[in-house]
Amino acid sequence: MDKQSELIRLTTRLVNIPSVVGTYQENDVAGFIFKWLKQVPYYQQHPDHLIKVKIKDDPFQRYNIMALIKKETIKETIFGIGHFDTVAIDDYGFLKDIANDPDKLKVKMQQHASTTICNDAENDDIVFGRGSLDMKSGIAIWMQLIKDISENLDHVKTNLLVGFVCDEEGTSTGMRH
């Protein structure tokens, strides 16, 4: 599978997981990200480089995920961040029930293409759904980048630390923590 198809597939899987800010749903997508990264051979060899960081005194028991790729001979580190929560889905109106289902949304968009402002319903490179652009596609890119870099450590010239954080859409609790 080519990289673009892999990213579309991963983005679709992330969008399929509802993660509205300020709900326990955020833990579902965080759990998916953690489990997916845990399967990367680098983290099987370095389990202490992939950690869950619980948000202190959080009513939803949310957590951030920190993923580090480190070469002992390198001191410089690039830090990346992405949030996995989304805003609510009420604005989807009659499509609310499928707001997290890119495949069903695409079909609906195609059925209503003549009455909507969306001219891209036929484009297979577009993933519809809540959070697809803000920012589950970005999360998918970070996840794939981590996997790719970890498989090519000989070429690594800087360490990489990526924070996958909850609650950016509300009070930025994840990032502030």
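Annotation: per residue accessible area for the chain equals 57 Å², rounded to a whole number [probe 1.4 Å, protein chains only].
Take Glu151: with every protein chain present and a 1.4 Å probe, its accessible area is about 100 Å².
If you restrict to DSSP beta bridges whose two residues both lie in the chain, what percentage is antiparallel, to the nearest 5?
Working: 10 of 18 bridges.
If I count the DSSP bridges inside the chain, around 55 percent turn out antiparallel.
Within segment 121-169, the proportion of Cα pairs with more than 16 Å between them is 54 percent.
Every helix of 4 or more DSSP H residues in the chain counts as -39500 (n - 2.57), and over all residues that averages to -10000 deg cm²/dmol at 222 nm. Could you please state how large a percent of the accessible area of the chain is carbon and sulfur, counting protein chains only and using a 1.4 Å probe? C and S fraction of accessible area: 54 percent.
Rolling a 1.4 Å probe across all protein chains gives Val107 an accessible area of roughly 70 Å². Straight-line cross-link reach from Lys3 at under 17 Å between alpha-carbon atoms covers these lysines, not counting any fewer than eight positions away in the same chain: Lys136, Lys147.
Between the labelled values [x] 10, 35, 32, 17, 5, 1; [y] 8, 29, 37, 20, 5, 0; [z] 8, 23, 33, 29, 8, 0, the entry that holds P(r) over Cα pairs in 10 Å bins from 0, in percent as derived from this structure is [x]. Shown are Tyr63, Tyr43, whose ranking by accessible area with a 1.4 Å probe and every protein chain present, most to least, is Tyr63, Tyr43.
Accessible area per residue was computed with a 1.4 Å probe on protein heavy atoms; Ser172 scores about 30 Å².
Residues Met109, Met143, Met1, ordered by accessible area of protein heavy atoms at a 1.4 angstrom probe radius and largest first, appear as Met1, Met109, Met143. Largest accessible area first, the listed residues Phe84, Phe32 line up as Phe32, Phe84 when surface is computed with a 1.4 Å probe on the assembled protein chains.
The values are calculated or read from the model by the stated rules, or taken from the named source; none is laboratory data. Note that the structure is predicted; figures quoted are calculated from it, not measured. Just the protein is used for accessible areas: all its heavy atoms, side chains included, with ligands, DNA and RNA removed. Shrake-Rupley method; radii C 1.70, N 1.55, O 1.52, S 1.80 Å.
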